[in-house]
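K.L.:
One structure coming up, written as structure tokens, with questions to follow.
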Amino acid sequence: MFCPRCGQQAAEEVRFCSRCGLPLDAAAEVVEAGGHPDWHLARAEAGGGALTSRQRGMRKGLMLTIGGLLFFGVAILLTAFKEDLFVFLIPAGILLTIGVMRMLYGLLLEEDKPDKKTAKRAAAAADDAAAGLGRGSSRGAQLPPARTVPASLYTNTADTNDMTASPLSVTESTTRLLDEDKAGGKP
């Protein structure tokens, strides 16, 4: 692959041009999109292929129903060979029932509009597209804003008057504490 800005040859897995710094993954996306740089902006505005909660619920219910039907068919075949295996019909029937109930719940009770999370993702994708960021970029990959710590937090407020040139021994400090207690009126 060659950089479209400066012509530097780069490996396929390189994300940025080593000479000019152009994001090569974004250039590869434009090439894959047939030369239309706004393809992900238009997709984000059109909903970005995001499923609504009703569609997701229907898909889950359909998958459970299909799995229940397959499991039910296998359980019937096993029961035909050996009658003791009829116990497999119970979980197969439960799975089938749960799948149908999930589809009904999704169809009747869930909203047919995208979630707030999905809308936020589509808005972030549109912002990234407007800013010229590539498909693999994410807001979490950026550096956080600089933080400052005031110098007043590092000031030393300890009382250093008791420090002497030579450290006191254990007995000297204990004697001094006892003398202070006696002077304070404590027995």
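K.L.:
Output the helices (runs of 4 or more DSSP H) that fall wholly within segment 71-187 and possess 1 or more residues being at negative phi and at pLDDT 80 or above, or say none.
P.N.:
Values: elements: 89-109, 116-131, 170-183.
Passing ranges, in order: 89-109, 170-183.
K.L.:
Further question on the same structure: If you check every pair at least six apart or on different chains, which have Cβ atoms under 6 Å apart with a residue in segment 73-102 that is within 21 Å of K60 (Cβ to Cβ) first and a residue that is surrounded by 15 or more Cβ atoms within 10 Å (Cβ to Cβ) and hydroxyl-bearing (S, T, Y) second?
P.N.:
Pairs found: G99/T65; V100/T65.
The values are calculated or read from the model by the stated rules, or taken from the named source; none is laboratory data. Treat the numbers as computed from the prediction; the structure is a model and nothing was measured. Backbone-built Cβ (ideal geometry, glycine too); neighbour counts: all protein chains shown.
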